[in-house]
Every structure is written in C-alpha cells, then in structure tokens.
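I have placed the structure first, in the form of structure tokens, so that the comments after it can refer back to it.
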Number of protein chains: 2
Amino acid sequence: MKVAALAGGIGAGKFLRGLTRIVPGPDLTVIVNVADDVVVHGLHVSPDPDSVTYWLGDVFDRGRGWGRRNESFRATQELRTIDPDAAWFGLGDLDLATHLFRTGRLAAGASLSEVTASIARRFGVGARLLPATDDRVETRIECVAQLTGEPLDLHFQEYWVRRAARDRVKGVRYDGAVEAVPAPGVLASIAEADLIVVCPSNPVVSIGPILAIPGVRDAVAARRRAAVGISGIVGGGPVSGMADKLMPAVGIEVTAAGVAEHYRELLSAWLLDDVDRGLIPRVESSGIRCAATDTIMVDDDRAEAVARAALALLT
Amino acid sequence: MKVAALAGGIGAGKFLRGLTRIVPGPDLTVIVNVADDVVVHGLHVSPDPDSVTYWLGDVFDRGRGWGRRNESFRATQELRTIDPDAAWFGLGDLDLATHLFRTGRLAAGASLSEVTASIARRFGVGARLLPATDDRVETRIECVAQLTGEPLDLHFQEYWVRRAARDRVKGVRYDGAVEAVPAPGVLASIAEADLIVVCPSNPVVSIGPILAIPGVRDAVAARRRAAVGISGIVGGGPVSGMADKLMPAVGIEVTAAGVAEHYRELLSAWLLDDVDRGLIPRVESSGIRCAATDTIMVDDDRAEAVARAALALLT
C-alpha cells in the first residue's frame, strides 16, 4: 500500500512514527511544509523537514517536542552574550550541523529536494521525504503589535518564536506560493498513492502552504475518496502550537469539526479525538466519514493506534 | 604613544598581548588581514580578526593555538557524521557564535569594520581592531596536487586547512586587492601613529594581502623610519604555520634576514630571534637596524619582552 502524507513538523513527526510501523519506508512519501523555512544568521533552517527527520530518524526530544535528544546550546548561549537580541531562534549545537550542511549544499547548487533527501538518508529515515516545493514560499503573519497597536508583517518564525505569538493576527499570506512549483515527485506521489493522509498539523501554517502551491490542492481534491485527515485540534484547542490564534483570522473554526469542514473538498474521512466524539454527526453531515480515538500520541504505540484508526476509515 | 600594528592571526595575537601591556588600548590600532576570510556553510568566518580578538579578549586556547578555551566541537562532529567531507574547517561551538553574529550583521547591511569592532568590543578588547578592508580580498594559492600533479587554484583555507598544505605551491594571488579600498581608519592610523609595528606574522598570506590594498604599502613606506618588524621566521622556519612553503614561491628567502629584506622599503628596524643573531650584520647592511632576543612567546611576559625589544629599536 502506497501512502502520501502531507505534513508539518512536530505533530506530523509524532504521528508518522506510528504510520511507519504500518507502511514500510519506501511506500511512504511525506510531503512536508517548507514555508516556515527561515534564514537565520545566514543559515537555511527548515524547521518542519527537520522535525520530521528527527522524529523518524529517532533522534527527537519527546519532552521538548522540537529539536534533538542530548542537545546542547553552547553556540546559542554564547551568541546571546555577544548579542542578546540575535539569538532568538535557539539553534542547538547538534541541530546546527544540519543547518550548516543544508546551507553549504544549497550554496553549492543543490536543490532543497536533494538536500532534504540527503539529510533524511543520513538520519536513517526510510520514508521518502519531499519538500512541498524547491522554490521560496514564506508564510507571513499580518498582525497588530500587542502593546503599541502598530501593524506588523512578520515571517512566521518571527511571529511564533521571536515574539511568542503574542500579537493579534489579522491575516496570513503565503508569499511566493503562486509562483512556486511543486517539488519533483509531489504531484506524482499524490496521484499514485493508495491512500493520502493529512497529518495532525496546523491547517494554517503547515498544511495551508502546501495546498497553496499550484497543482497540489487539485491533486489532493482529485483523490478525495482516498484521503483521510487527523485532527490536530482537540477539545477546542491545538494539542501544541498556536493554531487557535491563526485559524480565526482565516475563517476556520477552532474545533475538530471546523478543520474537517475546511478540508471538505479534499478529504472523505476524518479522525478526531475521543473528547470531540460529539462532533462526529456534524462532520459526517459534511459528507466526511468520521471516527474518534485517543489522538494524544504520548508514545509510538499510541501513534500507531491513531494511524491504524485513520487508515481503517478508508480501507 | 600611538601605535599601529599590521597583524595576521595567532603569531600576532601572542605578540599583541605583550604590546598591549605597554601601549594602552585606545592608543593601539591593529590592522588585521581579512584575505583569509572564508564563507563556510554560508557563515562568514574571519580567522585572523577572530584570532586577534580571542587572544586580546583573553579567551584564547594557548595549547591549540587557534580558537577558544573550553571549546567543544559538537556541531562539527555531528556535521562530520552527516557528511565527512563537509566539516573540514572544524568550527567550535563557541566560535560558531562569533560567525553566526558576523554573518547575521553583514546580511543586515553592516560593514566588516563595524562587525569586527562590535565583536572586539563584546570580548573586551581595548585596542582598536580594523580589518584591512571592508571589501572582498581573497588569497588564492596556485599549486600542483601532490599526488596527481593536477594544477589547483585554492582559497588559502582550502590549501592550509582542508589539504594540510601538502600541495606544491607555484604562486600566490590576492584576488580583489587591486579594487579594494582600505577600511575606514587604516591609512589615517598609519599616518598618525608614533610607531608602526609589523607583527611576527606570515609575510605572504598575512602581511602581504594588507600591503596589497592600494595605498597601504605607500602609507607604511612613508613612515619607514617609524616602522619596526618582528620576524616570524626563526632558525630558517616559521614558529608556526606554513610560511616556509609559500615564501619560496614569491621569492622570499625562508630566513629572518630574507623577510627583513622583503620589507626593506617599509621598515627601518627588525627584531629577530637569538638563534638568528648571526644574521644581524646582513640585515643591517640593508639599512635596517637589527637586534635579537628570545622571540618564542611562551607566555605574556615573554611577549611583553619581545614588544619592548622591538619598540626599543626605534625609541
């Protein structure tokens, strides 16, 4: 069974550890968001591809959620003594190696696809990891500064990491998306998959920018009957992250049903959490088959159970 | 007494620790070579300014010579597991903070002068540290591959760090030097100094590129009577580094006298090591006042003694 998964970072990483227990490496293609990519101090950082790689490569830090196990932050701590303002991104020493490698290879002319695949391979990831695009797409958050009321137009990482999501969000743009081209293999993997899975990732800043690349949304919609999603919204809020602050600005209700309805044209099945079981009739009234399970993936066994429950909706 | 010093990296750093005991911070301007600067994995690394900063900022590692005390190499070791070929430069975790800061500031539009001064200030360096130029100058080593006989045209760091100076050197170029402009303050500090000191640095790849920037050589030559140098060649070889492999290719004899003669139009005084005492008459026959002392700077006391002996030749 061939599966194509649309993925953001940490939520996707947790879930995909379960899915890879069912779908062996080469049969799973993970199409991952790169609109959160950011150049920090000259280094090209790809937060979502790295999260997925670290989770599937078994070097993730489950406690912290992001980054690597046994990580240290000597470079960042030292940078903070040189310039307290500069070190907002918090790059770990081990994590830096990934960014140094990526930046060097991109500068040497490699595509983001090639570099992403190389990194995944070095970490022993069996699944095929594709950036949504090799082109530059950047999620921009239009907001209003919490204290001053000043309008701001921020890179997603500035909004989320640097300013801790404290500014009131007015809108979200995917700069460059319209001109971007899906990375090699993206459309084909969707077209050829037996199943398509939308991971429990942020619909606005993780899945949204993937779907915004011309051709991707239509490719998924054409496979709607084979497509299932898992809600990252549980009990009216995100399991992690800041989706609840972004979703209202783009008109998505912050519930498991709201996300399902947002994906209505793309998915025919939806898995939500047990606590949201009461929303099943509403989701099903949108023409989406729906089931509930415990989606809080505290370990790989739970992630596998979630993956099995999602696939069971379509098979 | 105002002093302007022309400096490379480690030899200069050791010596300047002694000189700063005699010449207080603001009276000392250090004009440092930036033709060894290299972009590694997207990071702008300035080996010579950093060496001088780390030595004067008292964070140097005397044992290793280069880099910082209490350094770790987690990022580089990790990079080596991702790509054994990529991690040739060996960036330390603490050292990385300097490069991240520099690269970020340059990308934000700061000049190399501004960034160099910021970094020196953060490390508590009292002397004024000026890059020779804000423009891109790059020392290229033309050589022949040791094994294959293939002609190579290498960045100095590739020749020295990556290939361990094993290739036969045919020539040296300072790419960009002719179009470069001295950094703000360089010519003025030479013109206004009471004394000019050429540090015990490599004449080919440290002092050479500084002098190659239009105006600098003439500025020093105009102050010849106030200029003294210290030999980095002792007993027919460099105290450290690879000057002996480069000097023949540009026609400099690998002796303390050979370097003095190379600087003949620039300096009126020359300090060499006790072991080369026999060369004093030859140097003096070139019209250069000459003295000898123990120039192996095993500690700051010895560096101070070397600095006093050098200044004594002109005062």
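Rolling a 1.4 Å sphere over the protein heavy atoms, what is the accessible area per residue of chain B, to the nearest Å²?
37
Give me the aspartates and glutamates in straight-line cross-link reach of B:LYS2: C-alpha distance below 13 Å, same-chain residues under 8 apart excluded.
List returned: B:ASP27, B:GLU192, B:ASP194.
Using unit Cβ charges (K, R positive; D, E negative) and no other charged atoms, how large, in debye to the nearest 20, is the dipole of chain B about its Cα centre?
So the magnitude is around 420 debye.
Given the whole protein assembly as supplied and a 1.4 Å probe, what does the accessible area of B:ARG17 come to in Å², nearest 10?
So the heavy atoms of B:ARG17 present about 40 Å² to solvent.
Sort A:32-44, B:238-250, A:214-226 by the packing proxy (mean of other Cβ within 10 Å over each peptide's residues), most packed first. The partial results should precede the final answer.
Details: A:32-44: 24.5, B:238-250: 19.0, A:214-226: 16.7.
Final packing ranking: A:32-44, B:238-250, A:214-226.
For A:ILE10, B:ILE141, B:ILE280, what's the largest-to-smallest order of accessible area, 1.4 Å probe?
A:ILE10, B:ILE280, B:ILE141
Farthest toward the dipole's positive end in chain B, which of B:PRO184, B:LEU154, B:ALA107, given Cβ charges of +1 (Lys, Arg) and -1 (Asp, Glu) about the Cα centre?
In chain B, that residue is B:PRO184.
Once the other residues with Cβ under 12 Å from the Cβ of A:LEU279 are scored (Lys, Arg +1; Asp, Glu -1), what is the net sum?
Around A:LEU279, the charge tally is -4.
If you roll a 1.4 angstrom probe over the protein chains with everything in place, what fraction of the accessible area of segment A:170-315 belongs to carbon and sulfur, to the nearest %?
The C+S portion of the solvent-accessible surface of segment A:170-315 is 51 percent.
Which value, in debye to the nearest 20, gives the size of the charge dipole of the protein assembly as shown about its Cα centre, when Lys and Arg are +1 and Asp and Glu are -1 at the Cβ?
Working: 68 positive and 80 negative charges, 64 e Å.
Dipole about the Cα centre, nearest 20: 300 debye.
Before we go on, tell me the buried accessible area for the B/A pair, both chains summed, 1.4 Å probe, in Å² to the nearest 100.
The buried area between B and A, both sides summed, comes to about 2300 Å².
Using alpha carbons only, how many degrees (0 to 90, rounded to 10) separate the axis of helix A:47-56 from the longest principal axis of chain A?
Long axis of A:47-56 versus the principal axis of chain A: about 70 degrees.
Find every distance from the label point of A:ASP299 to the corresponding label point in the other copies (7 Å from Cα along Cα→Cβ) and write them in nm, one decimal, shortest first.
Spelled out, the distances from A:ASP299's label point are 5.9 nm.
Can you list, shortest first and in nm, the gaps between the label point of B:ARG122 and those of its counterparts in the other copies, using a point 7 Å from Cα in the C-beta direction?
Reported distances to equivalent positions: 2.5 nm.
Using the charge dipole of chain B (Lys, Arg: +1 at Cβ; Asp, Glu: -1 at Cβ; taken about the Cα centre), state which of B:VAL234, B:ASN70, B:ALA249 has its Cα farthest towards the positive end.
Working it through, the farthest residue towards the positive pole turns out to be B:VAL234.
Which far-off residues, 5 or more places away or on another chain, put their amide H under 5 Å from the one on B:GLY232, with H placed in the peptide plane?
B:SER201
For chain A, find the longest principal axis of its Cα atoms and tell me its angle to the long axis of helix A:93-107, 0 to 90°, nearest 10.
Helix A:93-107 and the main axis of chain A meet at about 90 degrees.
For B:98-111, what's the mean count of beta carbons from other chains sitting within 10 Å of each residue's beta carbon?
Values: counts 4, 6, 15, 7, 3, 6, 9, 3, 2, 4, 1, 0, 0, 0.
Mean number of neighbouring Cβ atoms from other chains: 4.
Would you calculate a helix-derived [θ] at 222 nm for the protein assembly as shown, using -39,500 (n - 2.57) for each DSSP H run of n ≥ 4 and dividing by the full residue count, to the nearest 500? Please list the in-between numbers first.
Numbers: 24 runs with 206 residues, N = 630.
Value at 222 nm, helices only: -9000 deg cm²/dmol.
Which whole number gives the average, over all residues in A:85-91, of C-beta atoms from other chains lying within 10 Å of the residue C-beta?
The mean count of partner-chain Cβ atoms within 10 Å per residue comes to 2.
Show which lysines lie in cross-link reach of B:LYS170 when reach means a straight Cα distance below 28 angstrom and same-chain residues fewer than eight apart are skipped.
Those lysines meeting the cut-off are B:LYS245.
If you place +1 on the Cβ of every Lys and Arg and -1 on the Cβ of every Asp and Glu, how big does the dipole about the Cα centre of segment B:165-315 come out, in debye to the nearest 20?
Around 460 debye, computed over segment B:165-315.
A:VAL39 label point, 7 Å along Cα→Cβ, cut-off 18 Å on backbone N: hits in segment A:180-212?
Label zone hits: A:180.
Mind pulling the angle between the C-alpha long axis of helix B:10-22 and the longest principal axis of chain B? Nearest 10 degrees, somewhere in 0 to 90.
50
Specify the inter-centroid distance of segment A:53-128 and segment A:233-302, based on alpha-carbon positions, in whole Å.
Using only Cα atoms to place each centre, the spacing works out to 30 Å.
Report A:GLU265's accessible area, 1.4 Å probe, all protein chains in place, as a number in Å² to the nearest 10.
Roll a 1.4 Å probe over it and A:GLU265 shows about 120 Å².
Please report the accessible area of A:THR148 (heavy atoms, 1.4 Å probe, ligands and nucleic acids excluded) in Å², nearest 10.
100
Measuring nothing but label to label, 7 Å from Cα along Cα→Cβ, what are B:ASP58's distances to the other copies in nm, shortest first?
Computed spacing set for this position: 4.9 nm.
Whenever you get a sec, line up B:LYS2, B:LYS14 from highest to lowest accessible area (probe 1.4 Å, protein heavy atoms).
Details: B:LYS2 105, B:LYS14 55 Å².
Ranking B:LYS2, B:LYS14 by accessible area, largest first, yields B:LYS2, B:LYS14.
Using the charge dipole of segment A:263-315 (Lys, Arg: +1 at Cβ; Asp, Glu: -1 at Cβ; taken about the Cα centre), state which of A:PRO281, A:VAL306, A:THR295 has its Cα farthest towards the positive end.
Farthest towards the positive pole: A:PRO281.
The values are calculated or read from the model by the stated rules, or taken from the named source; none is laboratory data. As the structure is a prediction and not an experimental result, all values here were calculated from the model. Cβ atoms come from the backbone with ideal geometry, glycine included; neighbour counts cover every protein chain shown. In case anyone asks, the SASA skips ligands and DNA or RNA and just uses the protein heavy atoms, side chains included. Shrake-Rupley method; radii C 1.70, N 1.55, O 1.52, S 1.80 Å.
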